[in-house]
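The structure under discussion appears below in the form of structure tokens.
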Amino acid sequence: MPHLTVMTYNIRTGIGMDGVRDLERIAGVIRESAAVVVGLQEVDKGTTRSDGVDRVKVLAELLDMDYVFGPAYPHRGGFFGPAVLTALPILDKRLIPLPHKESNESRMAVWVRVQWEGREIIVINTHLEHADPEDRARQGAALAEIVAEAVQSAPTMLMGDLNARPSEVAVFTGIKAYLRDAYELAMERARGNGKADDLGEGFTFDSVRPYKRIDYVWLDPRLDLADEEDAFRIVPNQAS
């Protein structure tokens with residue numbers, strides 16, 4: 001069976017753990033992963049803190065990919081939000097605002113239909129509320145509705161920085177009705193092979209000393225995890 005490599009990556013506007021903003025370095029991490037679909041979070045477009053640069057456009061040019069940017073939140077003369085980078089043909093795209101309180105940042109889901117190996121696949125990437133659990137739960141419920149519609153049309157995957165640990169049931173209950181957590185799939189396989197310790201706890205944040213899992217890839221049952229031991233990987237890097 002052919003393999004489709006995907007990645008979720010919060011790039012923190014391109015700033016590394018050393019405080020240096022370096023999009024070439026971010027592109028290098030993506031290139032090394034061999035991902036052909038990448039969900040990015042914390043992407044700046046035209047903001048003063050990013051010197052007016054359209055950061056996802058620069059990354060797309062460096063990687064020879066196409067992209068869809070979701071201008072979720074107006075910020076310092078531009079916008080801040082999630083994006084999807086892909087080397088696959090884009091057949092359709094949608095920008096779907098998520099519910100939020102007026103006092104919180106606006107959030108958005110980027111919905112992209114791509115073509116791979118003669119099949120159509122829907123990719124949904126997002127970045128949920130970080131500080132308000134009530135808003136985050138409402139956004140998780142909204143995502144479940146988006147996914148419920150998407151799976152009727154094509155095999156679907158959801159990825160992103162959800163700012164929620166796996167125990168935050170209010171965010172994930174609706175999503176679990178349609179999709180499977182790639183880490184949990186990998187863990188089930190690792191337990192069966194007696195290698196659960198090799199996979200670890202799946203912590204994704206922060207890059208220096210990871211202590212919690214808040215970043216996810218969720219898969220439609222029609223999109224199974226590859227059978228290799230390293231099918232699920234957390235790429236160690238400090239580029240973001």
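The values are calculated or read from the model by the stated rules, or taken from the named source; none is laboratory data. The structure presented is a predicted model; accordingly, all values stated were derived computationally and were not measured. No Cβ is skipped: glycine too gets one built from the backbone with ideal geometry, and neighbour counts run over all protein chains shown. When the accessible area is computed, the model is the full protein with side chains, heavy atoms only, and any ligands, DNA or RNA have been set aside. Shrake-Rupley method; radii C 1.70, N 1.55, O 1.52, S 1.80 Å.
Of note:
- Gyration tensor (alpha-carbon) shape descriptor, region 88-240, a/c threshold 1.5: oblate
- Exposed loop sites are taken as trypsin sites (Lys or Arg not before Pro) in a DSSP loop (any state but H, G, I, E or B) with at most 15 other beta carbon atoms within 10 Å; the longest stretch of the chain without one runs 102-194.
- Percent accessible area from carbon and sulfur atoms, the chain, protein chains only, probe 1.4 Å: 48
- Within the chain, helix-based [θ] at 222 nm, where runs of 4 or more DSSP H residues each add -39,500 (n - 2.57), nearest 500: -7500 deg cm²/dmol
- Cα radius of gyration and Dmax for region 25-122 (Å): 14.1, 44
- Accessible area per residue for region 1-100, computed on protein heavy atoms with a 1.4 Å probe, is 47 Å².
- A simple rule links phi to the HN-Hα coupling: the Karplus curve 6.51 cos²θ - 1.76 cosθ + 1.60 with θ = phi - 60°, which for region 217-232 gives 10, 10, 10, 4, x, 6, 10, 7, 6, 4, 8, 6, 5, 9, 4, 10 Hz, with x for Gly and Pro.
- Ligands, DNA and RNA excluded, the heavy atoms of residue 116 present near 30 Å² of accessible surface to a 1.4 Å solvent probe.
- Solvent-accessible heavy-atom area per residue, rounded to whole Å², over region 146-240 at 1.4 Å: 53
- Inter-centroid distance (Cα atoms) of region 33-95 relative to region 176-231, Å: 25
- Candidate membrane-span-like segments in the chain, meaning DSSP H helices with Cα atoms spread over at least 24 Å of their own axis and a Kyte-Doolittle mean of -0.5 or above, are 133-151, with no membrane implied.
- Descending semi-axes in Å of region 150-197, equivalent ellipsoid built from Cα gyration tensor: 23, 16, 9
- Of the GluC sites (Glu not before Pro) found in region 122-162, not one falls in a DSSP loop while having at most 16 other beta-carbon atoms within 10 Å.
- DSSP beta bridges fully contained in region 104-196 are about 55 percent antiparallel.
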